[in-house]
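Chemist: Okay, here's the structure, questions in a sec.
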Amino acid sequence: MSESASSFEDDVLGELGDDKLQEIAGLLGTDTAGAQEVVGTTVSALAGPVQEEAAAAPEVEAPLQGVSTLGGFATGGLMAGVLAKVSKPVANVVAKKTGIPVATVTRVIEMLVPVVLTVLTKRAARKK
C-alpha cells in the first residue's frame, strides 16, 4: 500500500472514531481489530477509483465560498457522486477479498461515505 493510501486510511480511521468503529465491528460480528481490517480494505479499494475520478473531473469553482467550505458543490457534492458510483464495484471487491456478504460490505460503505467525504474535504481545505 502506498504511503498516501496508508495516510488516507489512517485519516479515515481517525475521523471514524472508536464509537463508529465499534458499530462497524458489531455489524460485521467481529472485534475492533477485524473492523479496522475491513475498513482498511474498503478505504484502499475506494481510494483508487476516487483518485481516478477526481483526476479526470474538471476543476469546478464553487459559486459561493461557504458552499465549498461545507463540502457542498465543489467537494462533497461531486465526491459524493463519485463515491456512489464506485460503491457497488468496491463492495464486490471487498466482499470477494474478505468473504463478507456484499450486503454487509455495502452497509459498511454507507457508514464510511460521510467519513471519507469529511476526510477529503479537510484534505482539500489544507491544500488551499
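Each row is one residue, and each column tells you yes or no for (1) closer than 14 Å to Leu112 by Cβ; (2) in contact (Cβ under 8 Å) with a residue 40 or more places away in the chain; (3) open to solvent by 50 Å² or more (accessible area, probe 1.4 Å).
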residue	(1), (2), (3)
Glu9	yes, no, no
Val12	yes, yes, no
Glu15	yes, yes, yes
Asp18	no, no, yes
Gln22	no, no, yes
Gly26	no, no, yes
Gln36	yes, no, yes
Val39	yes, yes, no
Thr42	yes, yes, no
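Chemist: Could I ask something else about it? Modelled with pLDDT under 90 and out of contact with any Lys or Arg (no Cβ under 7 Å at 6 or more places or on another chain), is that true of Leu112?
Modeler: no
The values are calculated or read from the model by the stated rules, or taken from the named source; none is laboratory data. In this text the structure is predicted, and so the values were computed from the model without any measurement. Counting neighbours? That spans all protein chains shown, and the Cβs are built from the backbone with ideal geometry, glycine included. All accessible areas refer to the heavy atoms of the entire protein, side chains included, with ligands and DNA or RNA removed. Shrake-Rupley method; radii C 1.70, N 1.55, O 1.52, S 1.80 Å.
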